[in-house]
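Below: the structure, in structure tokens.
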Amino acid sequence: MRAQSGRRVRFALVLLCFLGLCAICATLAAAASDPSNAVITFRKTFKTSYPEYVEIRLSADGSGTFDIRDLDEEASPQPLQIGPALAQRVFTLTAKLRNFDGVDLDVHRRIANLGEKVFRYEKDGETHQVKFNYTIDDSATQLLNIFEGITRQQIDLSNLTRVMRYDRLGVNDSLAQLEADYNSKLLPEPERLLPTLDQIAGDDKLLDLARNRARTLAAKIRASR
């Protein structure tokens, strides 16, 4: 009887240890798959183009920074916020690319210089990055298009903000460029431009041509949401 009781105690202890290890493994797996404290960076360097340098850093909640400038200008990261759906898309594509761990994206062919692109993943001291000039990988291309779209959107917004302050006669030209980018589906979140478009539409110091263009474009964006 005592031997049987001892075996039961040992079995119970082994079971408890096994369950404890399972819980630890589950916690570690959840932490590894949780992107909440990860940061994804896109960097593009292309001298003599505009812009010559782009760096966008994003966290899983969509917050981050952008730095768009010429190479001889000082770094000046500005706050950036994208929507949760777009942020999730960025992290999903990154996961498909194994968080850039050991991936080779470049075609390794003699083609024109299209600028050096860098994807970088950082999380809890873990860092992976990949560089390429041109890629045919579908997930990488989709991710690149998102970052290029964010860049285009921030440039359009910065241009609008600048001309509204310093060159009111140039507002209509900037709006025309923005409208062309929107019609070409280059902007990933055009709704983020609505406050600026509404401000232009309501500014009676601007030309009616610019105000009407802003009003019409804002209506198109709202209708497509």
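Around L80, which amide H atoms from residues at least 5 apart in sequence, or from another chain, sit under 5 Å from its own amide H, with H modelled in the peptide plane?
G64, T65, F66
If you take every residue apart from E191 with its C-beta less than 12 Å away from the C-beta of E191, what net charge results, scoring Lys and Arg +1 and Asp and Glu -1? Could the numbers behind the result be given before it?
On the way: positive: R192, K220, R222, R225; negative: E189, D198.
Taking every other residue near E191 into account, the sum is +2.
Do any trypsin sites (Lys or Arg not before Pro) in the range 39-98 lie in a loop, going by DSSP, with at most 14 other beta-carbon atoms within 10 Å of their beta carbon, and if so which?
K47
State, to one decimal in nm, how far the label point of E189 lies from the label point of A95, with both points 7 Å from Cα in the Cβ direction.
Rounded to a tenth, the inter-label distance reads 2.0 nm.
If we count other beta carbons within 10 Å of each Cβ, what is the order of I111, I221, fewest first?
By the 10 Å Cβ count, ascending: I111, I221.
Taking K and R as +1 and D and E as -1, what net charge do the other residues with C-beta under 13 Å from the C-beta of A176 add up to?
That sum, taken over residues with Cβ under 13 Å, equals -3.
Using a 10 Å cut-off around each Cβ, can you sort T48, T65, T135 from fewest to most neighbouring Cβ atoms?
Result, fewest neighbours first: T48, T65, T135.
Using Cα pairs closer than 8 Å and at least 6 residues apart in sequence, work out the relative contact order for the range 140-208, in percent.
The value is 38 percent.
Values in this text are rule-based calculations from the coordinates and carry no lab data. All figures in this text were calculated on a predicted structure; none of them were measured in a lab. For neighbour counting, all protein chains shown are included, and Cβ atoms are generated from backbone atoms with ideal geometry for every residue, glycine included.
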